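Undergrad: Could you have a look at this structure, given as structure tokens, before my questions?
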Amino acid sequence: MENPTYAYDETRHQYNSKVILKHLLQCCPHDTLSFMGVTRVDLFVPILKYVFGLAQIKGKCSLISLYRLLPQFYNQPPNRDLLMTRIEKTALHELGHCLGLTHCRDRRCVMHSSTRIEDTDFKQPEFCPTCFELFKWRLEKLSREGNYLMPKL
Amino acid sequence: MVSKDKRESMKIVPPGKKKCVWMEAGVVSYKLCDNNYDCSTCVYDHAMQVKVARQKESVVVAASIDTPADKFTATWVDKMMQLPASQRKCRYMITGEVARKICPNAYECGSCSFDQMMQERLQVEALPVHARSDVGGFDLAEGVYYHEGHTWAKPEYGGRVRVGLDDFAQRLLGRLSRIELPNIGHEVKQGEVGFQVRKNGQAAQVLSPIDGIVSHINNELLDQPELANEFPYEKGWLFIIEPTKLRKNLKSLFYGEEASKYLSEEREKLFSLANEDLRIAADGGVSVDDISGELKGKNWAKFVKTFLKT
Ligand SMILES: [Zn+2]
Ligand SMILES: [Zn+2]
């Protein structure tokens with residue numbers, strides 16, 4: 001994704017993730033099941049200091065930022081594996097929201113809400129049994145309705 | 001040895017709970033305090049005192065009668081007094097209010113000047129919060145009961161209850177310009193408006209977490225209302241209540257895991273209300289310090305009413 005200058009907020013010196021999400025909604029192709037934007041800029045949303053990601057609940061669009069997933073942000077040496085795991089968890093989490101899943105109280109479940117990066121590192125890149133059932137059910141339902149080509153779970 | 005360990009492990013005192021003085025003295029093997037060390041109004045203490053007095057009499061009358069299983073021939077004070085003087089813990093030491101203090105006064109707290117000093121001091125100064133947890137960026141002090149209207153109540157030594165705003169309320173309200181506390185002697189009721197706060201000329205009413213008579217107010221808030229924002233669980237406490245229905249009231253408040261669950265639900269609710277235009281979920285993010293400042297163009301009063309339940 002190119003630098004979303006249109007979403008820059010002068011007072012917070014961060015980018016408003018809602019503005020970017022609205023932009024994604026406009027350029028999202030009709031035949032897509034899920035449309036995820038990936039950016040390097042630091043995102044915020046009203047009332048929160050920052051966000052790792054944002055998603056429409058039961059919608060097509062979501063957005064994740066690498067800014068606070070990079071180990072360097074926490075004064076750690078670059079670590080590609082760690083970064084990839086964090087991206088995987090964050091992306092799966094946002095995808096879950098797009099499929100209608102809400103936050104889960106199980107701290108190991110990927111649908112647990114990460115307030116800080118430690119929460120992201122603690123959770124597993126997979127759904128707990130309950131969230132998984134829901135995820136599968138929603139995905140199957142969507143595939144019946146929309147005739148998308150479904151990945152095999 | 002094994003059986004002793006087993007017995008010991010059954011006497012574990014859960015965190016946040018305190019041993020009853022009768023347990024501390026070794027008269028009974030397990031009993032937790034449920035009356036904030038206010039023995040004068042404690043039903044259990046009263047019953048035990050009566051029991052001991054009766055046992056003492058019966059020992060005199062018929063020494064040969066088989067002793068019943070629950071024979072209590074000494075009060076907790078008697079037992080403590082049997083200990084060497086250096087081991088007679090002051091009850092403020094038992095409750096953790098002071099690190100080390102030996103009773104110099106044969107447990108006659110009514111005439112003890114240390115007791116008087118502690119009573120006075122504890123009324124004015126809020127004790128530091130030893131443990132706190134973080135619920136999605138909101139601070140939750142442990143050992144405190146929470147009302148759904150985002151105030152807290154902390155039962156303290158002597159049976160009084162300290163009251164304050166929780167971190168959620170403090171952030172939602174934003175930097176306060178004035179706090180209008182109830183007068184001393186005023187009666188407040190759980191779930192009814194107890195006081196009012198002001199910000200930029202707008203007022204918000206706040207509910208009282210428990211029933212009682214206001215016995216003390218935090219005078220520092222008159223000049224420095226921002227203390228309630230900066231130290232909501234300590235220096236920013238609001239007032240102290242002489243409770244009238246404590247036990248009943250505590251049952252309708254959130255504590256521990258329940259409080260944390262309630263707070264995370266409120267957090268999600270606040271987030272969706274603040275972002276009503278899109279049905280979204282956000283992953284990450286500690287709440288900003290002043291939520292009211294972020295609700296640009298939105299109705300502060302409406303938000304406050306929703307979450308403070310007024
Ligand atoms: Zn789950
Ligand atoms: Zn989420």
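The values are calculated or read from the model by the stated rules, or taken from the named source; none is laboratory data. The structure displayed is predicted, hence computed values, not measured ones. Because the Cβ atoms are built from the backbone with ideal geometry, glycine has one as well, and the counts that use them run over all protein chains shown. We work out accessible area using only protein heavy atoms, side chains counted, and drop any ligands, DNA or RNA first. Shrake-Rupley method; radii C 1.70, N 1.55, O 1.52, S 1.80 Å.
Undergrad: Hey, what does the equivalent ellipsoid look like for the protein assembly as shown, semi-axes from the Cα gyration tensor as sqrt of 5 times each eigenvalue, largest first, whole Å? Before the final figure, lay out the partial values.
TA: Values: eigenvalues 568, 159, 72 Å².
Values for the protein assembly as shown, descending: 53, 28, 19 Å.
Undergrad: As an exercise, use a Förster radius of 51 Å and the Cβ-Cβ distance of A:Ile57 and B:Arg178 to find the FRET efficiency, rounded to the nearest 0.05.
TA: Working: r = 39 Å, r/R0 = 0.77.
Plugging the Cβ-Cβ distance into 1/(1 + (r/R0)^6) gives 0.85.
Undergrad: Determine how large the accessible area of B:Asp289 is when every protein chain is in place; take a 1.4 Å probe and give Å² rounded to the nearest 10.
TA: Rounded to the nearest 10, that gives 90 Å².
Undergrad: What ranking of B:Lys235, A:Lys123 comes out by heavy-atom accessible area, probe 1.4 Å, highest first?
TA: Working: B:Lys235 110, A:Lys123 5 Å².
So, going from the largest accessible area down, we get B:Lys235, A:Lys123.
Undergrad: Also, I was wondering about something else. Straight-line reach only, C-alpha to C-alpha below 15 angstrom: list the aspartates and glutamates that B:Lys71 could link to, leaving out same-chain residues fewer than 8 apart.
TA: Straight-distance partners of B:Lys71: B:Glu57.
Undergrad: Among the Cys residues of chain A, which have no other cysteine Cβ under 4.7 angstrom away?
TA: Isolated Cys, chain A: A:Cys27, A:Cys28, A:Cys61, A:Cys98, A:Cys131.
Undergrad: How would B:Phe231, B:Phe307, A:Phe127 line up by accessible area, probe 1.4 Å, largest first?
TA: Working: B:Phe231 75, B:Phe307 0, A:Phe127 35 Å².
Order by accessible area, largest first: B:Phe231, A:Phe127, B:Phe307.
Undergrad: Which whole number gives the average count of other chain Cβ atoms within 10 Å of the Cβ atoms across peptide A:37-48?
TA: That average works out to 5.
Undergrad: Only Cα pairs under 8 Å and at least 6 apart count here; give the relative contact order of chain B as a rounded whole percent. Write out the running numbers ahead of the final one.
TA: Numbers: 473 pairs, mean separation 48.4, N = 310.
Over chain B, the number comes to 16 percent.
Undergrad: Report the local net charge at A:Leu95: Lys and Arg +1, Asp and Glu -1, summed over other residues whose C-beta lies under 13 Å from its C-beta.
TA: Numbers: positive: A:Lys58, A:Lys60, A:Lys89, A:Lys136, A:Arg138; negative: A:Glu88, A:Glu94, A:Glu126, B:Asp283.
Here the charged neighbours net out to +1.
Undergrad: Normalised radius of gyration for chain A, please: alpha carbon Rg relative to 2.2 N^0.38 Å, two decimal places. Intermediate results must be reported in sequence, preceding the final value.
TA: Values: Rg = 15.6 Å, N = 153, 2.2 N^0.38 = 14.9 Å.
Cα Rg divided by the expected 2.2 N^0.38 Å: 1.05.
Undergrad: Please give the solvent-accessible surface of A:Glu10 in Å², to the nearest 10, using a probe radius of 1.4 Å with every protein chain present.
TA: 130 Å²
Undergrad: Now for a separate question. In peptide A:49-58, what is the residue-averaged number of other protein chain Cβ atoms found within 10 Å of each Cβ? All intermediate terms of the calculation are to be shown ahead of the outcome.
TA: On the way: counts 7, 5, 6, 4, 4, 8, 5, 4, 5, 1.
For this peptide, the per-residue mean of nearby foreign Cβ atoms is 5.
Undergrad: What is the distance, in nm, between label points placed 7 Å from the Cα along the Cα-to-Cβ direction at A:Asp9 and at A:Asp81?
TA: Inter-label distance under the simple model: 3.7 nm.
Undergrad: Accessible surface of A:Met36 in the full protein assembly, 1.4 angstrom probe, to the nearest 10 Å²?
TA: Accessible surface of A:Met36 is approximately 60 Å².
Undergrad: Which entries of B:Lys189/B:Lys245; B:Lys154/B:Lys305; B:Lys269/B:Lys298; B:Lys199/B:Lys305; A:Lys49/B:Lys309 show an alpha-carbon separation above 18 angstrom in the structure shown? Walk me through the intermediate numbers first.
TA: Working: B:Lys189/B:Lys245 9 Å; B:Lys154/B:Lys305 24 Å; B:Lys269/B:Lys298 15 Å; B:Lys199/B:Lys305 14 Å; A:Lys49/B:Lys309 26 Å.
Over 18 Å apart, Cα to Cα: B:Lys154/B:Lys305; A:Lys49/B:Lys309.
Undergrad: Mean Kyte-Doolittle hydropathy of 0.5 or higher plus an axial Cα length of 20 Å or more: which whole DSSP H helices in chain B meet both?
TA: On the way: long enough: B:43-61 (27 Å, -0.05); B:257-274 (26 Å, -0.87).
Counting only whole DSSP H runs, no helix qualifies.
Undergrad: Quick one: pull the percentage of alpha-carbon pairs in chain B with a separation above 27 Å. Numbers along the way, then the final one.
TA: Numbers: 24569 of 47895 pairs.
Percentage above 27 Å: 51.
Undergrad: Now a separate question. In percent, what relative contact order does the stretch B:126-310 have, based on Cα pairs under 8 Å that are 6 or more apart in sequence? Numbers along the way, then the final one.
TA: Details: 362 pairs, mean separation 51.2, N = 185.
RCO, the stretch B:126-310: 28 percent.
Undergrad: What average number of partner chain Cβ atoms lie no more than 10 Å from the Cβ of the residues making up A:105-115?
TA: On the way: counts 3, 0, 0, 0, 0, 0, 2, 1, 10, 4, 12.
Mean partner shielding for this stretch: 3.
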